[in-house]
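Peer 1: Dropping the structure in here first, questions after.
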Amino acid sequence: MSWLKRTESKYTITQILRWLWRAWRGNRLQAVLNASIGLTSVAVSLAQVWAVKHAIDVASGAVNGSIPWAVAMMGALILCDFALNIAGIWVRNLLGIKAQNRMQQRMLDRLLRSEWHGKEKHHSGDVLNRLEFDVNNVVNFLTETIPSSLSTVAMFVSAFTYLATMDWRLSLVITAMIPVFVLGSKVYVRQMRSLTRQVRNSDSKVQSVLQETIQHRMVIKTLEGDDTMVDRLEATQSELRHNVVKRTAFSVMSNLILNFGFALGYLVAFLWAALRMSSGTLTFGGMTAFLQLVNKIQGPARQLTRLVPAFVSVFTAAERLMELEENPLEEQGDPIDMDSPCGIKFENVSFRYNDSDGNIIDNLSFDFKPATCTAILGETGAGKTTLVRMMLALLRPQKGEVTIYNNVEKKVLSPRMRTNFVYVPQGNTLMSGSIRENLRLGKLDATEEEMKDALRKSCADFVMELPDGLDTACSEQGGGLSEGQAQRIAIARALLRNRSIMLFDEATSALDPATERQLLENILSDKSKTVIFITHRLAVTDYCDQCLKLK
């Protein structure tokens, strides 16, 4: 059948286990606490079996003893079980969320520090899906599933040993079933892993469609594309449902076979105990304990079978998170500050995103001299934004060299020199939160006066006239402000950063001519800065010392 086909994993089992081991190292406390609580629960549970058997035998006269004391012992063990359950809940809830948060922070930090190639491999909705659901899956497995499996194995072994002291023949029959279970699990894991991967990928596609639709709701409404986007969502959801059905069908069939085996085993054990009791070789209390032990063997065995899909799920989650770490890290280390003013020099630089498109930048040589203003002009697709990305060391040229220099030294550009730049990208780049919070992204310890001064220089002093001033709330992408207002606040944020080289990518496109003129005069009043404008507006060139035209 088609649903029995499987896809090969790109990672080996060993690679995945090593990755999970590294992830587990930061969550050892919770894992140890959960394991300790689980193992103590096993001891209490087996003690309860003995206590029930003892109480029944005392009541039936099979052994001597006090019935109230026997019942009191049962009650004390029940209270211990309650206390252990409560402790487990607290550990899972308090330490569990901290473990999940810690892993999300680590993954996000890894993503932010990795190299950027101009075209993201994974959709942002897919990345969010992985950072939420796959991280949660991995953390739960490492901190809860693995520790609970230790107590499950301990329960299985302890109950099996106890049963063997009562009837070694039946314990041997149960032992003979283990190899059959192992062989069946191997087939199950291989197929379930493939089906789970298909479900998780489909779920990511659904989240990607939802995110894009909400993000671009205004565009969709103006294009009257409501039905189109709903239909697209339905198509991805249909794929998800289809994969869920395949996985569920396989899981149900596997569980049916497994549960049939467990039911048959329990009936055999009950028949065995009944025959022994009727022949007088087993007391009523002994039969009760006997059946309890069979349940405590079958219970862990059932839980161990649930570990198989848990392993499958966590392997799939680990693979998806490992894919996010495939991009190599940028050069790491302390930022390298250069004394101002600095210049940028391109020497015979060529760059292409892929071989099929050819060079975007072809053998370019140009000197953005210290303390000058340069306009970069060119048609769409001429390479203006690519040029800026190379200045910011987001991209490396395939040929030639980009250097940063001053009167004392000259260095090849690297990510560690990004600290010398201020960058105002095209479009609305404000984040949700207050205007104050947005400004402090440029300088975390900025004072009130410094923020007001930056707003004045960027012609954004209208902020101080708002009812809440700097504490005015902005929704996502600066919602509540006009495009021009948002642009000026973004420029104020850049001015607060106060670096030697300032890059403006169409940063005045939403401003009226008078405001743009005043803004340019304010920015260029500081003669110690190297200013670079990427623009289509020829009026900007009037304020520049030189122009670079890309074709």
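Peer 1: If you scan the stretch 422-442, which residues turn out to be touching a strand residue (DSSP E or B) at 6+ places or on another chain (Cβ under 7 Å) and surrounded by fewer than 19 Cβ atoms within 10 Å (Cβ to Cβ)?
Peer 2: Those that are touching a strand residue (DSSP E or B) at 6+ places or on another chain (Cβ under 7 Å) and surrounded by fewer than 19 Cβ atoms within 10 Å (Cβ to Cβ): Pro425, Gln426, Ser432, Gly433, Ser434.
Peer 1: Read through the list (1) open to solvent by 30 Å² or more (accessible area, probe 1.4 Å); (2) touching a helix residue (DSSP H, G or I) at 6+ places or on another chain (Cβ under 9 Å); (3) modelled with pLDDT of 80 or more; (4) among the acidic types (Asp, Glu), then give the number of the only condition that Asp109 fails.
Peer 2: In the conditions (1) open to solvent by 30 Å² or more (accessible area, probe 1.4 Å); (2) touching a helix residue (DSSP H, G or I) at 6+ places or on another chain (Cβ under 9 Å); (3) modelled with pLDDT of 80 or more; (4) among the acidic types (Asp, Glu), Asp109 misses (2) alone.
Peer 1: While we're looking at this one, here's another question. Return the residues of the stretch 364-377 that are crowded, with 20+ Cβ neighbours inside 10 Å, closer than 22 Å to Ser525 by Cα and among the aliphatic types (A, V, I, L, M); say none if nothing qualifies.
Peer 2: Within the stretch 364-377, Ala375, Ile376 qualify.
Peer 1: If you check Glu506, Glu516, which single one turns out to be crowded, with 16+ Cβ neighbours inside 10 Å and either over 43 Å from the mean Cα position of the chain (by Cα) or more than 23 Å from Met391 (Cα to Cα) (or both)?
Peer 2: Numbers: Glu506 fails: either over 43 Å from the mean Cα position of the chain (by Cα) or more than 23 Å from Met391 (Cα to Cα) (or both).
Answer to the selection: Glu516.
Peer 1: Condition first: surrounded by 12 or more Cβ atoms within 10 Å (Cβ to Cβ), modelled with pLDDT under 75 and assigned to a helix (DSSP H, G or I). Now tell me which residues in the stretch 191-225 satisfy that.
Peer 2: Within the stretch 191-225, Gln191, Met192, Arg193, Gln215, Arg217, Ile220 qualify.
Peer 1: Something else: Failed condition for Asn136, given (1) at pLDDT below 85; (2) within 22 Å of Val308 (Cα to Cα), with all others met?
Peer 2: (1)
Peer 1: When you scan the stretch 353-367, how many residues do you find that are assigned to a strand (DSSP E or B) and either of a type in the set (D, E, K, R) or under 38 Å from the mean Cα position of the chain (by Cα) (or both)?
Peer 2: Number of matching residues: 3.
Peer 1: Another question about this same structure. If you go through the stretch 83-96 one residue at a time, do you hit one that is under 41 Å from the mean Cα position of the chain (by Cα), closer than 30 Å to Ser208 by Cβ and without any contact (Cβ under 8 Å) to a residue 12 or more places away in the chain? Steps first, please.
Peer 2: So in the stretch 83-96, the residues under 41 Å from the mean Cα position of the chain (by Cα) come out as 83-96.
Subset that is closer than 30 Å to Ser208 by Cβ: 96.
Next, only the ones that are without any contact (Cβ under 8 Å) to a residue 12 or more places away in the chain stay: none.
No, because not a single residue in the stretch 83-96 is under 41 Å from the mean Cα position of the chain (by Cα), closer than 30 Å to Ser208 by Cβ and without any contact (Cβ under 8 Å) to a residue 12 or more places away in the chain.
Peer 1: Could you check, for the stretch 444-467, whether at least one of its residues is in contact with a strand residue (DSSP E or B) (Cβ under 9 Å, 6 or more places away or on another chain) and open to solvent by less than 10 Å² (accessible area, probe 1.4 Å)?
Peer 2: So in the stretch 444-467, the residues in contact with a strand residue (DSSP E or B) (Cβ under 9 Å, 6 or more places away or on another chain) come out as none.
No, every residue in the stretch 444-467 fails to be in contact with a strand residue (DSSP E or B) (Cβ under 9 Å, 6 or more places away or on another chain) and open to solvent by less than 10 Å² (accessible area, probe 1.4 Å).
Peer 1: Name the residues in the stretch 378-399 that are surrounded by fewer than 20 Cβ atoms within 10 Å (Cβ to Cβ) and of a type in the set (A, V, I, L, M), would you?
Peer 2: If the condition is that a residue be surrounded by fewer than 20 Cβ atoms within 10 Å (Cβ to Cβ) and of a type in the set (A, V, I, L, M), then Ala382, Leu392, Leu394 are the ones that fit.
Peer 1: Working only within the stretch 323-349, note down all residues that are assigned to a helix (DSSP H, G or I) and either aromatic (Phe, Trp, Tyr) or surrounded by fewer than 18 Cβ atoms within 10 Å (Cβ to Cβ) (or both).
Peer 2: Within the stretch 323-349, just Glu323 meets the criteria.
Peer 1: Something else about it: Strands (runs of 3 or more DSSP E) wholly in the stretch 368-481 with at least 3 residues that are modelled with pLDDT of 90 or more and not β-branched (Val, Ile, Thr) - which ones? I'd like the intermediate steps shown before the answer.
Peer 2: Working: elements: 373-378, 399-405, 410-412, 421-424.
In the stretch 368-481, the matching strands (runs of 3 or more DSSP E) lie at 399-405.
Peer 1: Let me ask another. Quick one: would you say Ala47 is at pLDDT 85 or above, farther than 21 Å from Met322 by Cβ, among the small types (Gly, Ala, Ser) and surrounded by 14 or more Cβ atoms within 10 Å (Cβ to Cβ)? Before you say what the answer is, go through the steps one by one.
Peer 2: Details: at pLDDT 85 or above: yes; farther than 21 Å from Met322 by Cβ: yes; among the small types (Gly, Ala, Ser): yes; surrounded by 14 or more Cβ atoms within 10 Å (Cβ to Cβ): yes.
For Ala47, the condition - at pLDDT 85 or above, farther than 21 Å from Met322 by Cβ, among the small types (Gly, Ala, Ser) and surrounded by 14 or more Cβ atoms within 10 Å (Cβ to Cβ) - is met.
Peer 1: Which pairs do you get when a residue that is farther than 12 Å from Arg418 by Cα, found in the stretch 330-346, comes within reach of a residue that is open to solvent by 90 Å² or more (accessible area, probe 1.4 Å) and of a type in the set (S, T, N, Q), reach meaning Cβ atoms under 9 angstrom, with the pair 6+ apart or on two chains?
Peer 2: Asp339/Asn407; Pro341/Asn407
Peer 1: Oh, and also: Closer than 22 Å to Glu319 by Cα and not basic (Lys, Arg): which single residue out of Val209, Val244, Val230 fits that description? Lay out the reasoning, then the answer.
Peer 2: On the way: Val209 fails: closer than 22 Å to Glu319 by Cα; Val230 fails: closer than 22 Å to Glu319 by Cα.
None of the other options fit; the residue is Val244.
Peer 1: Right, something else. Applying the selection to the stretch 54-85, what residues are open to solvent by less than 60 Å² (accessible area, probe 1.4 Å), part of a helix (DSSP H, G or I) and over 23 Å from Ser151 (Cα atoms)?
Peer 2: Result: His54, Ala55, Ile56, Asp57, Val58, Ala70, Ala72.
Peer 1: Just to be sure, is Asp109 assigned to a helix (DSSP H, G or I) and without any contact (Cβ under 8 Å) to a residue 40 or more places away in the chain?
Peer 2: Spelling it out, Asp109 is indeed assigned to a helix (DSSP H, G or I) and without any contact (Cβ under 8 Å) to a residue 40 or more places away in the chain.
The values are calculated or read from the model by the stated rules, or taken from the named source; none is laboratory data. All of these numbers come straight from a predicted model, not from anything done at the bench. Positions of Cβ are generated from backbone atoms using ideal geometry, with glycine treated the same way; all protein chains shown enter the neighbour counts. The protein model used for the area step is the full one, side chains on, heavy atoms only, and it has no ligands, DNA or RNA in it. Shrake-Rupley method; radii C 1.70, N 1.55, O 1.52, S 1.80 Å.
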